[in-house]
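Report on one structure; see the data block that follows.
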Amino acid sequence: MTEPLPAAEIERLAVMTLNEDLAFGPDVTTLATVPPKARATACLVTRADGVVAGLDLAAAVFDHRGVDGFAAQVRDGDHVTAGEVLAQVTGPVPELLTAERSALNLLTHLSGIATATAAWVDAVAGTGAVVRDTRKTVPGMRAAQKYAVRCGGGENHRMGLGDQALVKDNHVAAAGGIAPAVQAVRERYPEVFCEVECDTLDQVREAVAEKVALVLLDNMDPPTMREAVELCRAAGVRTEASGGLRLDNARAVAETGVDYIAVGALTHSSPHLDIGLDL
């Protein structure tokens, strides 16, 4: 079962999204055109095949506008087809329409991430490689975007800068090499999981000699990556591929034997899943 998005985060995002839409005043179009006491049932309908994520967020947005009749027909993580009803929402029409875009912005965005993640997971199925995200997220949306990755069958990398150490090229330059960088991390934060980014096989050898937990293989071609994986595997060090990854080369990368494939595009470039609200 996918680890859920915390209730506090759902509340925060629902309020933030509505506040943004109502920052310049009430929904003047709806107030002018809809009878104030009108009630109706609307359906959230997907216009394309995909994977759903964000239903609880959409429900929270409607609930904040006094529309508490939200009945989901599917669950986050479900694969859906074009024309399928995701949820029915019953309540005052003015509030339904006021909340419509706020709810859809969250639902379509997260469902797009889940759908893209599922495509990557399918592409590497059977290889043993695990698809996971990066910190390339929209400010304020990290927890929700990473939740959507989980809905799509992926896993999460670190949530912030303090839960894991990732020694990258600039850290290596500042410390004077991979070995002193890793040693400095261990001296100050001995309990923290330490990963090192490597661009060359010589760097991989240096990282392995330091017995790091994981080596990130950055922008390596498959033959070089395969050799790097063998070096790491012999030392009991896990590996992660990153950089230059595309859906059409995902399987070739996965077949090198890497443990993880880090895909920044999941959270920074996934297209929204087309979902509409039909009264």
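The values are calculated or read from the model by the stated rules, or taken from the named source; none is laboratory data. From a predicted model like this one, the values you see are computed outputs, not experimental measurements. Note that we place each Cβ from the backbone using ideal geometry, even for glycine, and neighbour counts take in every protein chain shown. Just so you know, the surface numbers come from the protein's heavy atoms only, side chains and all, with ligands and any DNA or RNA stripped out. Shrake-Rupley method; radii C 1.70, N 1.55, O 1.52, S 1.80 Å.
Computed over the stretch 64-203, the quotient of the alpha carbon radius of gyration and 2.2 N^0.38 Å is 1.46. The residues of the stretch 140-193 expose on average 51 square angstrom of accessible surface per residue, using a 1.4 Å probe on protein heavy atoms. Shown are F24, F62, whose ranking by accessible area with a 1.4 Å probe and every protein chain present, most to least, is F24, F62.
Net charge near T117: determine it from the other residues with C-beta under 11 Å of the C-beta of T117, scoring Lys and Arg +1 and Asp and Glu -1.
Details: positive: R132, K146, R150; negative: D122, D133, E155.
Computed value for this residue: 0.
Label positions at V74 and V15, each projected 7 Å from the Cα along the C-beta direction, are separated by 3.1 nm.
Rounded to the nearest 0.05, what FRET efficiency is calculated for A125 and L22 with R0 set to 51 Å and r the Cβ-Cβ distance? Once rounded, the FRET efficiency stands at 0.70. Solvent-accessible surface (1.4 Å probe) assigned to H171 amounts to roughly 100 Å².
Placing a pseudo-label 7 Å from each Cα along the Cα-to-Cβ vector at L201 and A8 gives an inter-label distance of 4.9 nm. With K and R counted +1 and D and E -1, the other residues having a Cβ less than 12 Å from that of M1 yield a net charge of 0.
F193 to T30: extension gain in nm, 0.36 nm per residue of separation minus the Cα-Cα distance? Let's see the in-between values first.
Numbers: separation 163, 0.36 × 163 = 58.68 nm, distance 5.23 nm.
Gain on stretching F193 to T30: 53.4 nm.
Which translational diffusion coefficient, to the nearest whole µm²/s, is obtained for the chain from the Stokes-Einstein equation, given a Kirkwood hydrodynamic radius over C-alpha pairs, 25 °C and 0.890 mPa s?
Rounded, D is 119 µm²/s.
According to the Cα-based calculation, Rg over Rh for the stretch 157-279 is 1.07, with Rh computed by the Kirkwood formula.
Shown here is the pair-distance distribution of the stretch 5-93: with all Cα-Cα distances grouped in 5 Å bins from zero up to the longest one, the shares run 3, 12, 19, 21, 22, 15, 7, 1 percent. Fully extending the segment from R39 to E255 would add 72.2 nm, taking 0.36 nm per residue of separation and subtracting the current Cα-Cα distance.
Helices assigned as whole DSSP H runs in the chain whose Cα atoms extend at least 27 Å along their own long axis and whose mean Kyte-Doolittle hydropathy is 0.5 or higher are found at 93-123.
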